Every structure is written in C-alpha cells, then in structure tokens.
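Peer 1: A single structure is presented below for examination.
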Amino acid sequence: MEDMNIDFTKMNGLIPAIVQDALSGKVLMQGYMNEEALAKTQETGMVTFFSRSKNRLWTKGETSGNFLEVVSIAGDCDGDSILVKANPRGPVCHTGSDTCWDEENTSKTGFIDQLRAIIKDRKNNPSDKSYTASLFAKGINKVAQKVGEEAVEIVIEAKDDNKELFLGEAADLLFHYLILLEAKGYELDEVMDVLIQRHQKK
Ligand SMILES: [Zn+2]
C-alpha cells in the first residue's frame, strides 16, 4: 500500500476499485475500498470492498463462494483509483452474470501471454529439468525441426476424427511455434502486426 500512493483523504475515505480478470483482461466489476478494505484485500488475497449499503467490509464471494483471487493491485496515475487484477472463482455479478455489465468472460486466449512469459523465462533462466530449456540448448535447427514434426502430426490427426488427439497435437504445435518465435528473438505481437497490416489493406 505504501508504494501505491493511494490518497484516501481526497475522496472522503472511499476509492473506486476496478476489478479486471487477470487472464482475459475483461473488466469484471467495480466497488469501493477504504484503507481497511485495501489492507484486508492485500492480507487475504481476496478482493474486499467497503459496502456502502451494508456499511461494513464485504469480501466478494463471502456468501456465494465466488471469491476474486488477487493477482496484482495498482494505484492509478493520481492516486484516486485502484486497479485489481484477479482470478474469479465463479460468476462475478449477483445476477449470475460473468461481469457486472452482463458480458461473457469465457476467453482463455490471454493464457498465451502467460505461456510466452514462461517460455521466455526458460530461455533466460534455464534449468536441467525443463523440456523447453533443453530445446533452446539444442539450438534453432532442433526447435524448427520440432515445429515441422508437430505440423505433420496435426495434419495426420486432422484426417481422423479423434477430438482429444487432434486438440493434443494442436496444443503441441502452438506450444512449439511459440518456442520457435522466442528462439528467433521475435514477439508474437510482431506476427500480429503482419496480420493487422494485411487485414487493413483489404
Ligand atoms: Zn453486479
């Protein structure tokens, strides 16, 4: 809290707290925190607001079980708003909706960024036990060869009708593709730039 520079006096003791899904980036809900609520959120790792209707601290999920597990907390540029990134244990809104704006929050593609961070870490901090680190150690030819093998395997599974095997090969190909990008020193965003440019030309 010290390094967050939240100024509770500026807003009569209550600061808006925006909760964002740490994986999908969706805005899930907004509530208010006083200093105590923020301290409890940090202590317990579960998002806790000050409820103006209940006039007390309210841990989101205390009755429903749909807690919001804290991943990170940050103050904004001028210290009068809090952004909490969290993993929701269930639907967030009391209406049963995934978000308080009645949106679906089912996308897991944000996990690709977590996976990329892990792959980068395996390259920069290799350990003997890591398969990914061992691939980097063998060099670009081996990494590229693995992508080629996985591409052939997904082609084979595409001709069959086994969902589990196909998805397994799809995961293998995506994983090794990300390793190849990292081994070449490129970011996935650079691939996205190419796709975006192509799309804009049309
Ligand atoms: Zn709601």
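The values are calculated or read from the model by the stated rules, or taken from the named source; none is laboratory data. Since we're looking at a predicted model, the values are computed, not measured. For neighbour counting, all protein chains shown are included, and Cβ atoms are generated from backbone atoms with ideal geometry for every residue, glycine included. Just the protein is used for accessible areas: all its heavy atoms, side chains included, with ligands, DNA and RNA removed. Shrake-Rupley method; radii C 1.70, N 1.55, O 1.52, S 1.80 Å.
Peer 1: Heads up, I need the accessible area for His199: 1.4 angstrom probe, whole protein in place, Å², nearest 10.
Peer 2: 130 Å²
Peer 1: Moving on to the next point. Over the heavy atoms of Val70, what accessible area does a 1.4 Å probe trace out, to the nearest 10 Å²?
Peer 2: Result for Val70: roughly 40 Å² accessible.
Peer 1: Placing +1 at every Lys and Arg Cβ and -1 at every Asp and Glu Cβ, with all other atoms neutral, what dipole size does the chain have around its Cα centre, in debye to the nearest 20?
Peer 2: The calculation lands at about 140 debye.
Peer 1: As a test of reading the structure, rank Phe166, Phe50, Phe8 by solvent-accessible area (1.4 Å probe, protein chains only), most first.
Peer 2: The ranking, largest first, comes out as Phe166, Phe50, Phe8.
Peer 1: Moving on. Could you order Met33, Met192, Met46 so the one with the most accessible surface comes first? Probe is 1.4 Å.
Peer 2: Heavy-atom accessible area, descending, gives Met192, Met46, Met33.
Peer 1: If you place +1 on the Cβ of every Lys and Arg and -1 on the Cβ of every Asp and Glu, how big does the dipole about the Cα centre of the stretch 104-171 come out, in debye to the nearest 20?
Peer 2: Here the stretch 104-171 has a charge dipole of around 520 debye.
Peer 1: Could you point to the residue in Ser51, Phe67, Ala17 farthest towards the positive end of the stretch 1-69's charge dipole, with +1 and -1 charges on the Cβ of Lys/Arg and Asp/Glu respectively?
Peer 2: Ser51
Peer 1: Which percent, nearest 5, of DSSP beta bridges in the chain are antiparallel?
Peer 2: Antiparallel bridges make up about 80 percent of those DSSP assigns within the chain.
Peer 1: At 0.36 nm per residue, minus the direct Cα-Cα distance, what do Leu165 and Glu104 gain on full extension? Give it in nm, one decimal, please.
Peer 2: Once the chain is fully extended between Leu165 and Glu104, it gains 19.1 nm.
Peer 1: Set the Förster distance to 22 Å, then compute FRET efficiency between Ser51 and Ser97 from the Cβ-Cβ distance, nearest 0.05.
Peer 2: 0.70
Peer 1: Right, next: From the residues Ala183, Val155, Ala171, which one has its Cα farthest along the dipole of the stretch 132-198 in the positive direction, the dipole being from +1 and -1 charges on Cβ of Lys/Arg and Asp/Glu about the Cα centre?
Peer 2: Of the options given, the answer is Ala183.
Peer 1: What is the ratio of the Cα radius of gyration of the stretch 100-202 to 2.2 N^0.38 Å, where N is its residue count, to two decimals?
Peer 2: Ratio of Cα Rg to 2.2 N^0.38 Å: 1.27.
Peer 1: With the full set of protein chains in place, find how many percent of the accessible area of the chain is carbon and sulfur; take the probe as 1.4 Å.
Peer 2: 52 percent
Peer 1: Do you know the relative contact order of the stretch 1-73, to the nearest whole percent, from alpha carbon pairs under 8 angstrom that are 6+ apart?
Peer 2: 21 percent
Peer 1: Summing -39500 (n - 2.57) over the DSSP H runs of n ≥ 4 in the chain and dividing by its residue number, what mean residue ellipticity at 222 nm do you reach, to the nearest 500 deg cm²/dmol?
Peer 2: Mean residue ellipticity at 222 nm (helix-derived): -14000 deg cm²/dmol.
Peer 1: Any chance you could run the full-extension gain for Ile156 through Asp128? It's 0.36 nm times the residue separation minus the Cα-Cα distance, nm to one decimal.
Peer 2: 6.9 nm
Peer 1: With +1 on each Lys and Arg Cβ and -1 on each Asp and Glu Cβ, and nothing else charged, work out how big the dipole of the stretch 8-58 is about its Cα centre, in Debye to the nearest 20.
Peer 2: 200 debye
Peer 1: If the reach is capped at under 27 angstrom between alpha carbons, list the lysines near Lys138, excluding any in the same chain fewer than eight residues apart.
Peer 2: List returned: Lys120, Lys123, Lys129, Lys146, Lys184.
Peer 1: Please give every one of the lysines within straight-line cross-link reach of Lys85, meaning a C-alpha to C-alpha distance under 19 Å, and leave out same-chain neighbours fewer than 8 residues apart.
Peer 2: The qualifying lysines are Lys26, Lys40, Lys60, Lys108.
Peer 1: Now, a different point. How big is the gap, in Å, between the Cα center of the stretch 72-140 and the Cα center of the stretch 158-201?
Peer 2: First find each Cα centre; the distance between them is then 18 Å.
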